[in-house]
1. Any idea how many residues of the stretch 73-96 are out of contact with any helix residue (DSSP H, G or I) (no Cβ under 9 Å at 6 or more places or on another chain) and part of a loop (DSSP other than H, G, I, E, B)?
2. Residue 64 - would you say it is assigned by TED's automatic domain parsing to the domain that holds residue 29, surrounded by fewer than 21 Cβ atoms within 10 Å (Cβ to Cβ) and within 30 Å of residue 13 (Cβ to Cβ)?
3. Pick from 23, 64, 16: which is in contact (Cβ under 8 Å) with a residue 60 or more places away in the chain and over 24 Å from residue 145 (Cα atoms)?
4. Conditions: (1) under 20 Å from residue 127 (Cβ atoms); (2) not assigned by TED's automatic domain parsing to the domain that holds residue 143. Residue 12 meets all but one. Number of the miss?
5. Taking the stretch 71-86 as the search range and keeping residues that are in contact (Cβ under 8 Å) with a residue 60 or more places away in the chain and closer than 21 Å to residue 37 by Cβ, which one is surrounded by the fewest Cβ atoms within 10 Å (Cβ to Cβ)?
6. At positive phi, touching a residue at least 24 places away in the same chain (Cβ under 8 Å) and under 11 Å from the mean Cα position of the chain (by Cα): is that true of residue 45 in this structure?
7. Give the stretch 129-150 a look and list any residue that's surrounded by fewer than 21 Cβ atoms within 10 Å (Cβ to Cβ), assigned to a loop (DSSP other than H, G, I, E, B) and touching a residue at least 24 places away in the same chain (Cβ under 8 Å), or say none.
């Protein structure tokens, strides 16, 4: 099946099998490997992207469901060689260790701030509960999100 998806502002027309998950389409067919595959069961959030501005775990969506939609991945977050404020906050606050969860965590955090520009620490923790990190203990991740909210 042929689909047309705007990814990071660029139109892509591709043939896909109807069973292809969005995460595999992005990584294997488009070559955007910043979106990680962590569990394929929607438990970890490593594959989080934005579809039409909404945070989505791309392992829970078929590529054909993105036909005609706009997808933003971690690669599309930076602009003109400048990190997105959330990416910069993660860097400044040391909100990563191994980095595997970081792309999904950043994308979920951006969505969280768009939905709630002035969250409490508890709201940040609740808002990110669908994204798992096995390295950091979350303290610096929450700190980074709170910095952007300032």
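The values are calculated or read from the model by the stated rules, or taken from the named source; none is laboratory data. Here the structure is a predicted model, which is why all the values come from computation and not from measurement. Reconstructed Cβ throughout: ideal geometry from the backbone, glycine too, with neighbour counts over all protein chains shown.
1. Residues of the stretch 73-96 out of contact with any helix residue (DSSP H, G or I) (no Cβ under 9 Å at 6 or more places or on another chain): 76, 79-81.
Pick out the ones that are also part of a loop (DSSP other than H, G, I, E, B) and you get 80-81.
So the answer is 2.
2. Details: assigned by TED's automatic domain parsing to the domain that holds residue 29: yes; surrounded by fewer than 21 Cβ atoms within 10 Å (Cβ to Cβ): yes; within 30 Å of residue 13 (Cβ to Cβ): yes.
Criteria met by residue 64.
3. Details: 23 fails: in contact (Cβ under 8 Å) with a residue 60 or more places away in the chain; 16 fails: in contact (Cβ under 8 Å) with a residue 60 or more places away in the chain.
Unique residue meeting the criteria: 64.
4. Failing condition for residue 12: (1).
5. Quick first cut of the stretch 71-86, residues in contact (Cβ under 8 Å) with a residue 60 or more places away in the chain only: 71-73, 75-76, 85-86.
Then drop every residue that is not closer than 21 Å to residue 37 by Cβ, which leaves 71-73, 75-76.
Working: 71: 26, 72: 20, 73: 23, 75: 17, 76: 19.
Selected residue: 75.
6. Values: at positive phi: yes; touching a residue at least 24 places away in the same chain (Cβ under 8 Å): yes; under 11 Å from the mean Cα position of the chain (by Cα): yes.
In short, yes.
7. 130, 132, 134, 135, 136 - these are the residues of the stretch 129-150 that are surrounded by fewer than 21 Cβ atoms within 10 Å (Cβ to Cβ), assigned to a loop (DSSP other than H, G, I, E, B) and touching a residue at least 24 places away in the same chain (Cβ under 8 Å).
Yes or no, residue by residue, for (1) modelled with pLDDT of 95 or more; (2) in contact with a strand residue (DSSP E or B) (Cβ under 7 Å, 6 or more places away or on another chain); (3) at positive phi:
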position	(1), (2), (3)
3	yes, yes, no
9	yes, no, yes
33	yes, no, no
49	yes, yes, no
